[in-house]
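Here's the structure we're looking at; comments come further down.
The values are calculated or read from the model by the stated rules, or taken from the named source; none is laboratory data. If you're wondering where the values come from, they're calculated on a predicted model, not measured in any experiment. All Cβ positions, even for glycine, are placed from backbone atoms using ideal geometry, and neighbour counts span all protein chains on display. Just so you know, the surface numbers come from the protein's heavy atoms only, side chains and all, with ligands and any DNA or RNA stripped out. Shrake-Rupley method; radii C 1.70, N 1.55, O 1.52, S 1.80 Å.
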Amino acid sequence: MDAHSPQDTGREIVRLLREAAVGLGGLHTRFAARHALHPTDVRALACLLDARHAGTPVTVGHLGSRLGLNSAGTTALIDRLERAGHVRRVPDERDRRRVFLVLEQRAAGMARAVHAPLVDRSAQVLKEYDDRQLDAVRGFLAAALEATRSPAPGGSGGPGVRRRAGGVAG
């Protein structure tokens, strides 16, 4: 077996992540075209579905932040999704100035359908992994995601990977 440097391994893993991201982007683009949606609409539906699954309410501002949209872009997005019957705005009962976004059942089904084949194939592969391996995969993916959202160590402004004790990314 060839010994690879940590840099070589890092490059290979990042290349695979990029290819996976491109593949997911293509999946979302095809889904958007098939359902007459803007690609950002599909990203929004996925965010809302994830939040619904986690039991986390989503505000307009939170969704805009997650998608990297300004206020006007977020409003246009939500207006489109609302007109299409995919979401509705619901005022917060405690603070009527705050608005939550609720994913309509039909849209939730559409969002789940786009990912179902990938979820099924991933489940097939992952059933061969033990708990330790699954924890390592989760930890690495969480760290990679964090690296895309935070500046690099040293303040260069680019992404960086944090490390947990014991050398496991997380």
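Which of the residues spanning segment 24-53 are more than 20 Å from residue 122 (Cα to Cα) and hydrophobic (A, V, I, L, M, F, W, C)?
Of everything in segment 24-53, those that are more than 20 Å from residue 122 (Cα to Cα) and hydrophobic (A, V, I, L, M, F, W, C) turn out to be 32, 33, 36, 37, 42, 44, 45, 48, 51.
Within 26 Å of residue 38 (Cβ to Cβ) and in a loop (DSSP other than H, G, I, E, B), is that true of residue 61?
So residue 61 fails the test.
Go through (1) basic (Lys, Arg); (2) more than 22 Å from residue 17 (Cβ to Cβ); (3) crowded, with 16+ Cβ neighbours inside 10 Å and name the single condition residue 66 misses.
Only one criterion in (1) basic (Lys, Arg); (2) more than 22 Å from residue 17 (Cβ to Cβ); (3) crowded, with 16+ Cβ neighbours inside 10 Å is unmet by residue 66, namely (2).
Could you list all residues from segment 96-123 that are closer than 30 Å to residue 134 by Cβ, without any contact (Cβ under 8 Å) to a residue 12 or more places away in the chain and charged (D, E, K, R)?
Matches in segment 96-123: 120, 121.
Name the residues in segment 69-81 that are farther than 17 Å from residue 28 by Cα and either under 16 Å from the mean Cα position of the chain (by Cα) or open to solvent by less than 70 Å² (accessible area, probe 1.4 Å) (or both), would you?
Residues satisfying the conditions are 69, 73, 74, 75, 76, 78, 79.
Among the numbered criteria (1) open to solvent by less than 40 Å² (accessible area, probe 1.4 Å); (2) of a type outside the set (Gly, Ala, Ser); (3) under 18 Å from the mean Cα position of the chain (by Cα); (4) modelled with pLDDT of 85 or more, which single criterion is violated by residue 134?
Looking at each condition in turn, residue 134 falls short on (3).
Determine the pairs where a residue that is within 15 Å of residue 14 (Cβ to Cβ), located within segment 133-151, has a partner that is modelled with pLDDT of 85 or more and among the polar types (S, T, N, Q) with Cβ atoms under 8 Å apart, the partner being 6 or more residues away or on another chain.
No pair meets every condition.
Would you be able to tell me the number of residues in segment 15-47 that are assigned to a loop (DSSP other than H, G, I, E, B) and open to solvent by less than 30 Å² (accessible area, probe 1.4 Å)?
1
Identify the single condition in (1) touching a Lys or Arg at 6+ places or on another chain (Cβ under 7 Å); (2) modelled with pLDDT of 95 or more; (3) not hydrophobic (A, V, I, L, M, F, W, C) that residue 74 does not satisfy, given that it satisfies every other one.
Failing condition for residue 74: (1).
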